[in-house]
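The values are calculated or read from the model by the stated rules, or taken from the named source; none is laboratory data. The structure displayed is predicted, hence computed values, not measured ones. Note: ideal-geometry Cβ built from the backbone for every residue, glycine included; neighbour counts use all protein chains shown.
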Amino acid sequence: MTMDYKLLGSTGVKVSRLCMGTMTFGKEADKAASASIFRCCRDAGINFFDYANNYADGEAERILGELIHDCRGEVVITTKVFNRVGADINARGTSRRHIMASVEESLRRLKTDYIDIYFLHHFDQDPDMEDSLRALDDLVKQGKILYPAASNYAAWQIMKARAISKREGWSPFRCIEPMYNLVKRQAEVEILPMAASENLGVITYSPLAGGLLTGKYIADRTVSTGRFIDNQEYPKRYGDASIHETVRKFTQFTKEHDYSAAALAVVWAGYHPAVTAPIIGARNTDQLEDSLKSLEMVMTAELYKQICELSIAPPSATDR
């Protein structure tokens, strides 16, 4: 398997076409399992790792801090700020106060003096947007982060933020992280076209729809662990009947054509021209290998079209 590398938007930084997500580190994957996953990623050529400060209450960052110690200059890392990270009433959000405190904690846990890409994890309506963006620019000037970024933002929120940063001469968002998979294609309407127009880096999460697109929750009703068992947000997010019909058709398609469902779902998500890298995840190396098989697959325009036709495409932004 050969890893290709792509430019991350206009940053000039080259990243692997797969990004490894670490939400399982320190939780479903203990230190030993996390280390095995990390080594497998590096052996496959992955140099791009995505974290958040609240993953496993900070344990994901602590584990990765140890793992990247001897290869820090060779990897590109992200982390995020927004979600609650403590009992204090102000231990959440994207206020300047919380951003400045959180980045210091992330740097300490990661055992590094800079973070390549720093995401505002969700849009926060409480602080003035200018306060959050000024804080990010200050961190860029201090060398603590290299590129500001936004996760789970609407296209208009990203563009508003970039306009403010341009007006003030601040460092703008350079990368975004939306959800994107075969059963959740809303990003195709405005977010991905906007990203292509602005030359933003795009890393997309949940290419397997929380494991749904592997077919395991349909094929085996005795499954006792996994996102849909452990986290009730997933059944809510993917509960629509049309979604399960798409999963049924997709898994049938993979069986008929002898594809790995996980690999095909990942390579499909990465084929969109605006996407830099889909974010893969795993609880163990066996799960990781399923996603890494995508590196051996060639997505053609015809195959892409066939897969797209298995799901309902969202209407255009100007649909009347």
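Taking (1) at pLDDT 95 or above; (2) among the basic types (Lys, Arg); (3) not in a helix (DSSP H, G or I) in turn, Arg62 satisfies each apart from (3).
Residues are listed down the side, and each one gets a yes or a no for (1) in a helix (DSSP H, G or I); (2) farther than 16 Å from Thr94 by Cβ; (3) without any contact (Cβ under 8 Å) to a residue 60 or more places away in the chain; (4) of a type in the set (Gly, Ala, Ser):
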| site | (1), (2), (3), (4) |
| --- | --- |
| Phe119 | no, no, no, no |
| His122 | no, no, yes, no |
| Glu130 | yes, no, yes, no |
| Leu139 | yes, no, yes, no |
| Ala150 | no, no, yes, yes |
| Tyr153 | no, no, yes, no |
| Gln157 | yes, no, yes, no |
| Ala161 | yes, no, yes, yes |
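Among the residues making up region 270-289, those that are among the hydrophobic types (A, V, I, L, M, F, W, C), more than 19 Å from Tyr217 (Cβ to Cβ) and within 15 Å of the chain's Cα centre (by Cα) are Ala274, Val275, Ala277, Ile279. Per the listing Ile99, Ile68, Ile63, the residue uniquely closer than 23 Å to Arg174 by Cβ, in contact with a strand residue (DSSP E or B) (Cβ under 9 Å, 6 or more places away or on another chain) and crowded, with 21+ Cβ neighbours inside 10 Å is Ile99. The residue that is nearest to Asp4 (Cα to Cα), among those in region 239-290 that are of a type in the set (Phe, Trp, Tyr) and surrounded by fewer than 22 Cβ atoms within 10 Å (Cβ to Cβ), is Tyr271. Just one residue in the set Val247, Val266 is in contact with a Ser or Thr (Cβ under 8 Å, 6 or more places away or on another chain) and in contact (Cβ under 8 Å) with a residue 40 or more places away in the chain; that residue is Val266.
Inspection of region 22-30 finds a residue satisfying the criterion of being touching a helix residue (DSSP H, G or I) at 6+ places or on another chain (Cβ under 6 Å), part of a loop (DSSP other than H, G, I, E, B) and under 29 Å from Ala195 (Cα atoms).
Could you check region 298-320 and list, in sequence order, the residues that are at pLDDT 95 or above, among the hydrophobic types (A, V, I, L, M, F, W, C) and assigned to a loop (DSSP other than H, G, I, E, B)?
Step one: filter region 298-320 for residues at pLDDT 95 or above, giving 299-311.
Remaining after also requiring among the hydrophobic types (A, V, I, L, M, F, W, C): 299, 301, 303, 307-308, 310.
If the condition is that a residue be at pLDDT 95 or above, among the hydrophobic types (A, V, I, L, M, F, W, C) and assigned to a loop (DSSP other than H, G, I, E, B), then Met299, Leu310 are the ones that fit.
Taking every residue in region 298-313 that is on the phi < 0 side of the Ramachandran plot and pairing it with any residue that is modelled with pLDDT under 95 and part of a helix (DSSP H, G or I), at least 6 positions away or on another chain, the pairs with Cβ-Cβ distances below 7 Å are Ile312/Ser242. Look through region 183-205, keep the residues that are touching a helix residue (DSSP H, G or I) at 6+ places or on another chain (Cβ under 6 Å) and either assigned to a loop (DSSP other than H, G, I, E, B) or charged (D, E, K, R) (or both), and return whichever of them is surrounded by the most Cβ atoms within 10 Å (Cβ to Cβ). Only one residue fits best here, namely Val183.
Yes/no per residue for (1) closer than 30 Å to Gly143 by Cβ; (2) at pLDDT 95 or above; (3) touching a Ser or Thr at 6+ places or on another chain (Cβ under 6 Å); (4) among the charged types (D, E, K, R):
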{"site": "Met159", "(1), (2), (3), (4)": "yes, yes, no, no"}
{"site": "Glu177", "(1), (2), (3), (4)": "yes, yes, yes, yes"}
{"site": "Val183", "(1), (2), (3), (4)": "no, yes, yes, no"}
{"site": "Ala187", "(1), (2), (3), (4)": "no, yes, no, no"}
{"site": "Ile191", "(1), (2), (3), (4)": "yes, yes, no, no"}
{"site": "Leu213", "(1), (2), (3), (4)": "no, yes, no, no"}
{"site": "Ala219", "(1), (2), (3), (4)": "no, no, no, no"}
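Against the definition (among the small types (Gly, Ala, Ser), farther than 30 Å from Tyr5 by Cβ and at pLDDT 95 or above), how does Ser106 come out, yes or no? Spell out how you get there, then give the answer.
Working: among the small types (Gly, Ala, Ser): yes; farther than 30 Å from Tyr5 by Cβ: no; at pLDDT 95 or above: yes.
Judged against the criteria, Ser106 is not a match.
Residue selection: Glu198 fails the criterion of being among the acidic types (Asp, Glu), more than 27 Å from Ser291 (Cβ to Cβ) and out of contact with any Lys or Arg (no Cβ under 8 Å at 6 or more places or on another chain).
Return the pairs, sorted by first residue and then second, in which the second residue is modelled with pLDDT under 95 and among the basic types (Lys, Arg), the first residue lies in region 197-213 and is farther than 18 Å from Thr11 by Cα, the beta carbons are less than 8 Å apart, and the residues are 6+ apart or on different chains. As it stands, the answer is Gly210/Arg227; Gly210/Arg237; Gly211/Arg227, since those pairs meet every condition given. Candidates in region 34-59 are the residues that are of a type in the set (Phe, Trp, Tyr) and closer than 29 Å to Ala87 by Cα; of these, the one that is modelled with the highest pLDDT is Phe49.
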